[in-house]
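Peer 1: Supplied in structure tokens, the structure appears directly below.
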Amino acid sequence: MNAIEIKNLCKSYPGFSLDHLNLTLPSGCIMGLIGENGAGKSTTMKLILDIIRQDQGTVTLLGRDNRDRLQLTKQDIGVVLDEVGICGCLNPKQVGKIMAHAYSNWDSQTYAGYLKTMAIPENKPFQSFSRGMKMKLGIAIALSHRAKLLLLDEATSGLDPVIRDEILTMFSEFTRDETHAVLMSSHIVSDLEKICDYIAFLHRGKLLLCQEKDRLKEEYAIVHCTTEDLQVISPSAIQGVKKTAYGVEAIVARSAIPSGMAISPMDIEQLFIFMVKEASEI
């Protein structure tokens with residue numbers, strides 16, 4: 001079963017439109033959602049959660065329509081948005097007691113373990129927390145009620161590299177269970193490249209690409225050449241071009257690169273930057 005199926009999803013605001021978005025996240029996998037500010041990442045998350053209503057299209061979560069509140073249970077979904085919505089006067093210990101009543105599958109022992117692992121002070125009020133500490137508490141809650149699907153919007157933002165690495169490991173371990181899945185947006189592309197099975201690029205409300213991460217890295221490389229040399233490569237094989245003082249760099253399908261042309265490996269952040277620049281010029 002697919003954890004998420006999004007078909008022809010549309011939402012329009014003055015000055016912005018999410019345009020016929022189609023995404024499928026298989027169970028047992030992590031998908032990274034990449035996009036610049038205003039690309040539509042948070043809008044997509046809110047549509048998935050039915051916080052805002054779509055103008056068109058459908059969203060299916062764990063085999064059920066996301067608008068069917070009688071069938072879709074919050075027990076199965078762990079959520080960390082870019083702002084963690086907890087009353088400022090509460091401390092983590094009090095939050096745990098409240099969540100035990102909100103979630104039938106709440107695991108107090110697991111929650112206490114995450115508070116300790118992430119060095120979250122259990123008696124300190126939430127309003128005194130830094131942004132990073134607030135995000136850590138949100139993650140601890142999301143991982144403590146035996147959810148099957150995690151929806152994470154900039155969940156590693158504001159965290160130091162060490163704790164980010166530990167949390168990414170938690171997400172990877174979460175999907176060792178093949179009934180679990182994670183959809184995760186982040187500006188820190190290196191985080192997504194480290195743990196994601198699938199990568200989706202959003203730009204100005206349009207999906208530029210959605211593909212298996214490993215296949216992307218296998219299929220494309222960066223070519224270093226002159227403008228004239230690039231013209232011998234089929235335009236359909238070129239994902240993006242950047243002009244430099246020394247010629248051009250282009251991301252090109254490896255199968256279309258002529259023998260002898262200088263190439264270097266490509267990372268996901270480079271591919272996204274190249275594709276966004278290419279799309280912006282169209």
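Peer 1: Report the label-to-label distance for E122 and D55 in nanometres (one decimal), using points 7 Å from each Cα along the Cα→Cβ vector.
Peer 2: It is 4.9 nm.
Peer 1: Oh, and also: Between A256 and E212, take the C-beta separation as r, use R0 = 30 Å, and let me know the FRET efficiency to the nearest 0.05.
Peer 2: Efficiency, rounded to the nearest 0.05: 0.95.
Peer 1: Further question on the same structure: Send over the semi-axes of region 169-282's equivalent ellipsoid, whole angstrom and largest first, taken as the square roots of 5 times the C-alpha gyration tensor eigenvalues.
Peer 2: Working through the eigenvalues yields semi-axes of 30, 15, 12 Å.
Peer 1: Now for a different question. Cα convex hull of region 48-166: mean projected area in nm², to one decimal?
Peer 2: Across all orientations, region 48-166 yields a mean hull projection of 8.0 nm².
Peer 1: Determine by what factor the alpha-carbon radius of gyration of region 9-69 differs from 2.2 N^0.38 Å, reporting the quotient.
Peer 2: Against the empirical 2.2 N^0.38 Å value, I get 1.13 for region 9-69.
Peer 1: Let me test this: with uniform point scatterers at the alpha carbons of region 18-115, what is the Debye-based log₁₀ I(q)/I(0) at q = 0.11, 0.16, 0.17 1/Å?
Peer 2: Here the Debye-derived log intensity ratios amount to -0.45, -0.91, -1.00.
Peer 1: Counting only residues 5 or more places away or on other chains, whose amide H sits under 5 Å from the amide H of M266 once H atoms are built in the peptide plane?
Peer 2: Under 5 Å from the amide H of M266: I222.
Peer 1: Same structure again: Run the simple label-point estimate for T227 and E178 please: 7 Å along Cα→C-beta, distance reported in nm.
Peer 2: 5.3
Peer 1: In the chain, which helices (entire DSSP H runs) extend 18 Å or more along their own long axis, judged by Cα positions, while averaging at least -1.0 on the Kyte-Doolittle scale?
Peer 2: What comes out of the filter, once short or polar helices are dropped, is 161-174, 268-281.
Peer 1: Calculate, in whole percent, how much of the Cα-Cα pair population of region 219-281 lies beyond 20 Å.
Peer 2: When all Cα pairs of region 219-281 are counted, 16 percent exceed 20 Å.
Peer 1: Antiparallel DSSP bridges in the chain: what percent, to the nearest 5?
Peer 2: Counting only bridges with both partners in the chain, antiparallel ones make up about 65 percent.
Peer 1: Turning to a different aspect of this structure: When every alpha-carbon pair in region 112-153 is counted, what percent end up more than 13 Å apart?
Peer 2: When all Cα pairs of region 112-153 are counted, 53 percent exceed 13 Å.
Peer 1: How long are the three semi-axes of the equivalent ellipsoid for the chain, computed from the Cα gyration tensor as the root of 5 times each eigenvalue, in whole Å, largest first?
Peer 2: After diagonalising the Cα gyration tensor, the semi-axes are 38, 21, 17 Å.
Peer 1: Sort 28-39, 45-56 for me by packing, meaning the mean count of neighbouring Cβ atoms within 10 Å per residue, highest on top.
Peer 2: Those peptides, ordered most packed to least, come out 28-39, 45-56.
Peer 1: Where Lys and Arg each count +1 and Asp and Glu each count -1, what net charge lies around S12 among other residues with Cβ under 15 Å from its Cβ?
Peer 2: It works out to a net charge of +3.
Taken together, the values in this text are just the output of simple stated rules run on the coordinates, not laboratory data. Model, not experiment: these values are computed from the prediction. Quick reminder, even Gly has a Cβ in these numbers, built from the backbone with ideal geometry, and neighbours come from all protein chains shown.
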